[in-house]
Structures are given as C-alpha cells and as structure tokens.
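Report on the structure given below.
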Amino acid sequence: MVPSAPGPTALFDARLSYCFMEMIQKILSIAQSRKAADVHIVAGAPVVMRIGDDLTPVSKEELSRAQAKELSYALLTDDQIVEFEEKLDLDFMYADDSRCRYRVNISYNDGAVGAVIRLLAAEPFRLDDLKMPPVVSRLAYLQKGLLLITGSTSQGKTTTMAAMIDAINTHHRRAIVTIEDPIEYVHVNKQSIVRQREVGKDTMTFASGLRAALRQDPDVIAIGEMRDYETIKIALTAAETGVFVLSTLHIISIDKIIERLLSYAPEGGDGHIRDLLANALMGVIHQELLPTVDGGKRVATEILIVSDAARNVIRNRSTFHLRNVITTGARYGMQTMKQSLDALLDEGVIGRDSYESVLASYR
C-alpha cells in the first residue's frame with residue numbers, strides 16, 4: 001500500500017468548493033516537493049505522480065469525469081479550450097506563479113478529459129551536471145554536420161540537447177535557431193544569439209520552420225524531433241552544406257537508426273536518404289535514463305562517432321554492423337551501452353536490477 005501525501009487527500013472532499021485552479025497549484029506544488037517527473041490526471045483514478053520509476057497515487061479518492069476535466073481545464077486559457085475541443089489533443093507549455101515550467105498534454109480518453117503534466121527544470125542543465133562522457137562536449141562544438149540524440153520516450157533526449165545548446169551559447173558566438181514542439185527549456189542569449197520557435201505558434205510545421213531557419217544566417221539549428229520525410233531531407237541537406245544540425249529521434253537502439261529514418265521515405269527515396277545520411281551524420285548519442293540508488297537519475301549512453309567504417313555501413317545497408325563499429329571504435333570516443341552500464345555499476349550509482357534490465361535489450 002503506497003502512503004498518500006498529506007495535501008491532496010483532502011482536495012476532493014465533497015464538502016469543499018471546487019476551486020480547481022487552487023487544486024492544480026497544490027498538486028503541482030506537491031509534485032515539485034516530491035521531485036516527481038510527471039503528474040497524471042485521469043477520470044476514474046486518483047491523482048498519480050511518477051516518482052522514480054513508480055506511479056504513486058497521492059490522493060485516496062478517484063477523480064470523477066467532471067473533476068478530471070475541470071482540473072485539466074484549469075491549465076488552459078479560453079482560446080486553448082476552444083482549440084482543444086476542436087483538435088481533441090493539445091500540447092503546450094505552462095508556467096505557474098513561481099515560474100516553474102511544465103509540458104502539458106491534454107486529451108480525451110473514452111470521452112473523458114485528462115492530462116499528463118511533465119515537470120521541467122527552470123533552466124537548461126549544464127553538460128557537466130549530466131555527467132556525460134567527455135566526447136559529448138566535443139560533439140557539441142562541431143562546426144557542421146548532423147548530430148542525433150536518440151532513445152525511447154522519456155529518456156532525457158530533450159534535456160541533453162538543451163544542455164548542448166547551452167554549452168554552445170556559453171562558450172561560442174553562434175547564431176542558433178531552435179524549432180520545438182513545444183519549447184521546454186528557455187535559453188537566454190549569452191555569447192550566442194538564440195532564436196527559439198515553437199511549432200503552431202511561431203511556425204506552422206517543423207519543415208516550414210526549418211526552411212525559414214536556413215534563411216536566418218544560422219550556425220546551429222536544433223530540431224525538437226525528426227518526424228517526417230521533408231524535415232529529415234531538409235535537415236540532412238543543411239547539415240551537408242555547412243550548418244551544425246542537432247535533433248532527436250525515437251529509436252530503441254542505434255542499429256535501428258537507418259530503419260527508422262527510411263521508414264519516412266517515399267517509395268524509391270531510401271537511396272537518397274542513405275547517401276545524405278552517410279555524408280552528413282557526424283555522431284549519435286543513444287540514451288537510457290536510469291534510477292540511481294540514491295533516488296536520482298543518471299543517463300547511460302551508447303555513442304557512435306561516424307567514421308569511414310560507419311559511413312560504409314550506412315551506404316551498404318548492413319546497419320546491423322554498426323554495433324561492431326561502436327565496439328571497435330574506442331579510439332574515436334565511441335562506447336557501447338554495456339561499457340556505460342559497467343561504469344555506472346562499478347561507481348555504485350545504479351543497482352544490479354537496473355543494470356540487468358537495460359543490458360538485456362542489448363544482448
């Protein structure tokens with residue numbers, strides 16, 4: 001039985017008047033104090049928070065459909081309510097009175113309204129804070145080419161990309177353009193100029209924002225996610241012609257990267273994408289976000305530096321050989337996921353269960 005937090009258990013007492021904005025602020029305050037990653041608002045369930053790897057109920061009472069809707073709507077403006085009811089899904093950023101930032105998804109679920117609220121850091125992490133291998137800092141300062149940060153959902157890809165942008169912004173004079181959906185980390189100008197564009201607000205699509213970015217004298221373009229053929233093609237072309245392009249991609253392992261990118265290509269277009277990728281790709285950082293023994297989080301990384309051998313693998317369709325390239329590429333700064341996990345286990349940072357769980361998918 002998971003103990004309930006003292007605050008929210010009284011939130012849904014029928015004797016209370018439903019001041020839903022006050023309720024949601026209390027819920028978010030508790031989430032901050034418990035270092036939760038996400039808050040789930042779902043009809044027919046208590047308020048649930050993801051703390052570590054566990055979904056933890058923080059109220060005894062289940063939310064009614066009306067309560068779940070009103071709590072979700074408390075985060076929306078009138079215009080956003082209209083947009084949500086037209087589109088049935090809505091992603092947006094929310095900032096509370098304490099300037100804490102949240103990424104929110106509101107959706108219909110079997111006719112009931114619910115929300116998932118992701119808690120975000122107030123400002124980008126530094127690369128040193130993420131304890132990445134030294135090669136990641138070197139990759140952040142590339143002059144051109146494509147760098148991909150990969151992993152499955154909720155593995156910290158956006159956090160890593162924001163930390164790399166912050167490193168560039170702190171140490172170099174560059175023109176940086178980001179295209180995001182939504183903007184999660186806000187960058188202030190330091191040594192660089194950073195223009196952040198949000199899909200749906202500042203530009204219509206990733207592809208249209210990327211085309212416009214090429215006319216904005218960019219040194220660096222950061223794309224929140226490569227999710228369609230046009231965006232992939234423009235990004236690869238930009239990287240090949242002298243812009244440093246950063247992006248994230250949802251894949252479960254590095255050796256699936258070609259399959260994933262080619263899945264977006266139209267019939268007959270896969271050869272063109274392979275050639276562009278072989279020429280433009282400079283590196284891949286693949287991430288697994290793991291719980292630590294002290295209740296925190298650490299990233300385990302598999303790193304591919306695109307050597308001549310890797311380019312040949314990409315061109316010749318034998319992508320399962322990328323694993324061999326990584327295994328034999330230590331002199332370039334490459335490392336396997338097992339090497340990263342071994343180091344974290346030897347440090348005493350992660351437990352044996354986490355180690356075995358992740359490693360099983362790489363055998």
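The values are calculated or read from the model by the stated rules, or taken from the named source; none is laboratory data. Keep in mind it's a predicted model, so treat the numbers as computed, not measured. For neighbour counting, all protein chains shown are included, and Cβ atoms are generated from backbone atoms with ideal geometry for every residue, glycine included. These area figures cover heavy atoms from the full protein model, side chains too; ligands, DNA and RNA do not enter into them. Shrake-Rupley method; radii C 1.70, N 1.55, O 1.52, S 1.80 Å.
Once you've got the GNM for the chain with C-alpha springs shorter than 10 Å, pick whichever of His286, His172, His40 has the biggest mean-square fluctuation.
His172
Taking θ as phi - 60°, what are the ³J(HN,Hα) couplings along segment 194-201 by the Karplus curve (6.51, -1.76, 1.60), each to the nearest whole Hz, with x for Gly and Pro?
Once rounded to whole Hz, the list reads 10, 9, 9, 10, 9, 5, x, 10.
Rolling a 1.4 angstrom probe over the protein heavy atoms, how many square angstrom per residue are accessible across segment 77-174? Mind showing how you got there, number by number?
Values: 4890 Å² over 98 residues.
Using a 1.4 Å probe on heavy atoms only, each residue of segment 77-174 averages 50 Å².
Hey, what did the chain get for relative contact order, percent, Cα under 8 Å, at least 6 apart?
On the way: 656 pairs, mean separation 45.5, N = 363.
Relative contact order, the chain: 13 percent.
Just to check I understand the Karplus step: with θ = phi - 60° and J = 6.51 cos²θ - 1.76 cosθ + 1.60, what whole-Hz values come out for segment 56-69, glycine and proline as x?
10, x, 10, 9, 7, 7, 7, 6, 6, 4, 5, 5, 4, 5
Hey, can you grab everything whose amide H is under 5 Å from the amide H of Thr56? Only 5+ residues off in sequence or another chain; H modelled, so Pro and N-termini drop out.
Long-range HN contacts for Thr56: Met49, Arg50, Ile51.
Residues with amide H under 5 Å of Val113's amide H, sequence separation 5 or more or different chain, H placed in the peptide plane at 1.01 Å from N; which?
The answer is Lys69.
I'd like the orientation of helix 157-171 relative to the chain: the angle between its Cα long axis and the longest Cα principal axis, in ° from 0 to 90, rounded to 10.
The angle comes out near 70 degrees.
Taking semi-axes √(5λ) of the Cα gyration tensor in Å as the quantity of interest, determine which of [x] 37, 25, 19; [y] 31, 22, 21; [z] 48, 22, 15 was computed from the displayed structure.
Checking each listed value against the structure points to [x].
So what is the 222 nm mean residue ellipticity for the chain from helices alone, if each DSSP H run of at least 4 adds -39500 (n - 2.57) and you divide by all residues, rounding to the nearest 500 deg cm²/dmol? Don't skip to the end; give the middle numbers.
Details: 14 runs with 129 residues, N = 363.
About -10000 deg cm²/dmol.
Who wins for biggest fluctuation among Thr153, Thr301, Thr237 in a Gaussian network model of the chain, springs between alpha carbons below 10 Å?
Answer for the Gaussian network model of the chain: Thr153.
Specify the residue with the greatest mean-square fluctuation among Arg99, Arg34, Arg274, computed from a Gaussian network of the chain linking alpha-carbon atoms under 10 Å apart.
Arg99
In 10 Å bins starting at zero, report the fraction of Cα pairs in segment 211-325 per bin as a rounded %.
Values per bin, smallest distances first: 13, 42, 31, 11, 2, 0.
With a/c under 1.5 counting as rounded, go ahead and sort segment 122-242 into rounded, prolate or oblate using the C-alpha gyration tensor (a ≥ b ≥ c being the square roots of the eigenvalues; past the cut-off, prolate if a/b is larger than b/c, else oblate). Present the calculation step by step, with values, prior to reporting the outcome.
On the way: a/c = 1.37, a/b = 1.30, b/c = 1.06.
Taking the square roots of the gyration eigenvalues as a ≥ b ≥ c, segment 122-242 is rounded.
Taking the chain as the reference, fit the longest principal axis to its C-alpha atoms, fit the long axis of helix 78-87 to the helix C-alpha atoms, and give the angle between the two in degrees, 0 to 90, nearest 10.
Tilt of helix 78-87: around 60 degrees.
In degrees between 0 and 90, to the nearest 10, how far off the longest principal axis of the chain does helix 270-280 point, with axes built from Cα atoms?
Here the helix axis deviates by roughly 80 degrees.
Within 11 Å, Cβ to Cβ, of Ala212, how many net charges do the neighbouring residues add up to if Lys/Arg are +1 and Asp/Glu are -1?
Net charge in that neighbourhood comes out at +3.
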